[in-house]
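The values are calculated or read from the model by the stated rules, or taken from the named source; none is laboratory data. If you're wondering where the values come from, they're calculated on a predicted model, not measured in any experiment. All Cβ positions, glycine included, derive from the backbone under ideal geometry; neighbour counts span all protein chains shown. Side chains included, ligands, DNA and RNA excluded: accessible areas come from the protein's heavy atoms. Shrake-Rupley method; radii C 1.70, N 1.55, O 1.52, S 1.80 Å.
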Amino acid sequence: MINIEALSIREIEDRLQAKQGLMELLDAMRTDPRKAVQKLYAQALKKAQKEAKEQERILHLYQLEQAYYAQGLYEVAGVDEAGRGPVAGPVAIAAVILPPYWVCQGLNDSKKISAQKRDVLYDKILKEAIAVSCIMKEREEIDRLNIYQATQQGMYDAIAALSVSPQAVLIDAMPLPKLTMLHQSPVHGDALSASIAAASIVAKVTRDRCMQKWDVVYPQYGFAIHKGYLTQAHRDAIMKFGPCPLHRRSFEPIKSMVKDDSL
């Protein structure tokens, strides 16, 4: 049993930071008469409750994966894309296989988290995932096939590029009828599946970094800011400078500006 009154405030803070015997420590702090200890106790309890709630949220994201885990299929890939909507640049498609019930604070659909948080999660996913791949379908292929077909082909390619062959696949909304393994394509899958959420982060960060590099080559369009989406500033730049090689010829307003039947 911890003799809490024998510990200084600094020693208690150090133990809380290290989470050393946390539950026993909190129980001892509960009856300590020192105001500073009671303040630390309230803060630590609130933090522990928040962490427990976040862990519960993340584990809830494994409902789709759980159906496969229950069958002994633990290598489940999540697949998602970033960049179907922009008028410039590639579409990025990622596939990720996570360790079963991998808990990562903040894991969520990439659209629901900040760019800074995405970067942190991206590094953690690449370090701890069982397998990760990311495929880029460039402007030329998007214009040749159309954005839907290019994205679908990219998903097949991303799955094939994984270093570990998945036993099952979860794809965000896009049907992939040619897959030979078990698979499903839930709508809004990036909010329902941890694996798809991880793939959405990898695809988004990869594409954003690509557009930031292209911004150095074509600074007049502001790619680092809008990432190729048709903001008013981007539209104005297209009208002023005309389209560059990154602009999708099959998307308006570029399509109406470029008279090239071959695209």
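So for the range 58-66 (the condition being under 30 Å from residue 230 (Cα atoms) and touching a strand residue (DSSP E or B) at 6+ places or on another chain (Cβ under 9 Å)), does at least one residue qualify? The answer is no; no qualifying residue exists. Consider residue 258 against the criteria (1) outside the structural domain of residue 120 (by the TED database); (2) at pLDDT 95 or above: it satisfies all of them except one. Which criterion is unmet? Single failed check for residue 258: (2). Within the range 54-83, the only residue that satisfies the criterion of being open to solvent by 40 Å² or more (accessible area, probe 1.4 Å) and among the hydroxyl-bearing types (Ser, Thr, Tyr) is 74.
Table: residues versus (1) in contact (Cβ under 8 Å) with a residue 40 or more places away in the chain; (2) small (Gly, Ala, Ser).
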site	(1), (2)
214	yes, no
228	yes, yes
231	no, no
251	yes, no
256	no, yes
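Within the range 23-40, the set of residues being in contact with a helix residue (DSSP H, G or I) (Cβ under 7 Å, 6 or more places away or on another chain) and either assigned to a helix (DSSP H, G or I) or of a type in the set (Ser, Thr, Tyr) (or both) comprises 25, 26, 28, 29, 36, 37, 40. Confirm whether residue 15 is touching a strand residue (DSSP E or B) at 6+ places or on another chain (Cβ under 7 Å) and either in a loop (DSSP other than H, G, I, E, B) or not assigned by the TED database to the domain that holds residue 170 (or both). It is false that residue 15 is touching a strand residue (DSSP E or B) at 6+ places or on another chain (Cβ under 7 Å) and either in a loop (DSSP other than H, G, I, E, B) or not assigned by the TED database to the domain that holds residue 170 (or both).
For the range 139-164, give me the residue count where each residue is over 18 Å from residue 79 (Cα atoms) and either touching a residue at least 40 places away in the same chain (Cβ under 8 Å) or touching a His at 6+ places or on another chain (Cβ under 8 Å) (or both). Residues flagged as over 18 Å from residue 79 (Cα atoms) and either touching a residue at least 40 places away in the same chain (Cβ under 8 Å) or touching a His at 6+ places or on another chain (Cβ under 8 Å) (or both) within the range 139-164 amount to 5.
Selection of the range 149-184 for residues being of a type outside the set (A, V, I, L, M, F, W, C), open to solvent by 40 Å² or more (accessible area, probe 1.4 Å) and part of a loop (DSSP other than H, G, I, E, B) yields 163, 165, 167, 175, 177, 178, 180.
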